[in-house]
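Working notes for the structure below.
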Amino acid sequence: NLMDATLLRSLVLSFVVCFIALAAIFNIFTLFELWRFIAVSNAGAALVARYLLFLLRLVTVELFPATMLISVLVTYALLAKRQEAIAWWASGQSVYRLMLPGFFFALAVAFGSWLVQEHIMPGTNLKQDALRARIRGGEARAITGTGRQWLASTDTRRFYSYEFSEDGRLIEPTIYELDADAVHLAQVVSGKSGAWSDSTHLKITEAETLALNGMEVERKNDPEITFAGVESPAIFKPTIDKPSQLSAHDLRSYLKAAQRRGTDVSTLAVALQRKYAGPFGIVIMAFIGMPLAVSFGRKGTVIALCAAVVVGIAYWGVGGGFQQLGNHGLLRPSVAGWSPLLIFAAAGTYFLSRVRT
């Protein structure tokens, strides 16, 4: 029990230090990416700090597998290099018993990652996307659970509510126009579909207009209405990463709704399977890292860290490749989502079988 507690304490300390270091590097690169927009939009330090704070939940889920791999490799490599593992073997414990605390620690971290992914990350991703749009000077955008888009334009004082079809049309658009002071609602126009006659003119068919003039409401129907000064079609195209803003349950419901509309759901189906498989990736990284650390630890910690870099790059490369194959319909979503884990689990089993017990 004393050796278990010592090993777990070392794992926790290594994990916290590695996560802080990786998160700091991630934030530094994020700031380098946004510094031009920060200078142009005069975004204050408080706004940037809030953005990084809400981004932390997404960073947590993305970095936990790499953090687990590095922390396990460092902890067990130092254990082997300092000959501390001899104390385990001298007491009659095998190398598998030595790895048991690391396995349970990985399970606990994976469970925490699942809780963050399902209950915290969806809401914070909506906020960090809105803050990022403010920093970049773009349009504020939101999406409902049924796939309906909301777009706010400060230049034209308009709010757009619509669904975006794959041929570039707006389905059942509704346009809310504010008055000159951008305080009160001036009129609401809804129609059956919307299409661009050119890059700045949007044509609404079967339009119904509600004009608000004080306490009076004027209603009229037109076969067609054209709005001038509208943003380009590229602005209206959905660009929000929906899977990161939805829990697995909500994404599954959204997927079913999209299937009923006849939309191609290959990307969403793969994303759902990757959500299920994501926490297991943390356990797989520990499963690979522990035998590698015991094997390479006697030769030096640097070699173990180099092994961590190679395994991490390979894991992300294989995962990204299978995801692209699934997104293009070349693989079933379940195969694209779970195959990387099975491949690396097999590699971990091989490394474990080569370790001297």
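The values are calculated or read from the model by the stated rules, or taken from the named source; none is laboratory data. Remember, predicted model here, so these are calculated numbers, not experimental data. We place every Cβ from the backbone using ideal geometry, glycine too, and count neighbours over all the protein chains shown. The accessibility values were calculated without ligands, DNA or RNA, using every heavy atom of the protein model including side chains. Shrake-Rupley method; radii C 1.70, N 1.55, O 1.52, S 1.80 Å.
Quick look at the numbers
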item	result
Of Leu342, Leu11, Leu305, the one that fluctuates the most in a GNM where the chain has Cα springs shorter than 10 Å	Leu342
All Cα pairs of the chain, percent lying beyond 25 Å	64
Distance (nanometres) between label positions extended 7 Å along Cα→Cβ at Ser193 and Lys237	1.9
Solvent-accessible ranking of Ser197, Ser266, largest area first, probe 1.4 Å	Ser197, Ser266
Net charge of Cβ neighbours under 10 Å - reference Glu224; Lys, Arg +1; Asp, Glu -1	-1
Max mean-square fluctuation residue, GNM over the chain, Cα-Cα springs under 10 Å, options Ala257, Ala180, Ala24	Ala180
Range of Cα positions in segment 4-75 per principal axis (Å), largest first	53, 17, 15
Whole-angstrom gap from segment 67-90 to segment 319-336, using each part's C-alpha centre	36
Lysine pairs in the chain with Cα atoms under 27 Å, if 8 or more residues apart or on separate chains	17
Amide proton proximity set for Ser193, modelled H, under 5 Å, gap of 5+	Glu172, Thr205
Residue order for His201, His119, His184 - accessible surface, 1.4 angstrom probe, largest first	His119, His184, His201
Simple spin-label estimate for Leu178 and Ile313 in nanometres, 7 Å along Cα-Cβ	5.0
Mean separation of Cα contacts under 8 Å (6+ apart) over length of the chain, as relative contact order %	19
Cα-based equivalent ellipsoid, segment 169-285: semi-axes from gyration tensor eigenvalues, Å	39, 16, 14
³J(HN,Hα) computed for each position of segment 269-281 - Karplus, 6.51 cos²θ - 1.76 cosθ + 1.60, integer Hz, glycine/proline x	5, 5, 4, 5, 5, 5, 5, 5, 7, x, x, 5, x
Heavy atoms of Lys237 accessible to a 1.4 Å probe, total area in Å² rounded to 10	110
Listed peptides 103-112, 79-88, 273-282 by packing density, highest first (mean Cβ within 10 Å)	273-282, 103-112, 79-88
Pairwise FRET efficiency - Leu115 versus Ala87, Cβ, R0 = 41 Å, nearest 0.05	0.70
Rounded FRET efficiency, nearest 0.05, which uses the C-beta distance separating His249 from Ser165 and R0 of 30 Å	0.70
Acute angle (nearest 10 degrees) that the helix 333-354 long axis makes with the longest principal axis of the chain, alpha-carbon atoms	10
Principal-axis tilt of helix 2-41 within the chain, Cα atoms, nearest 10 degrees	30
Amide hydrogen neighbours beyond the local backbone of Gln187, cut-off 5 Å, H modeled	Glu177, Leu212
Mean Cα-pair separation over length for segment 171-246, i.e. relative contact order, pairs under 8 Å, 6 or more apart, %	23
Tilt relative to the chain, helix 301-327 - C-alpha long axis, 0 to 90 degrees, to 10	40
Listed residue (Phe37, Ser14, Gly168) projecting farthest to the positive dipole end of the chain, Cβ model	Ser14
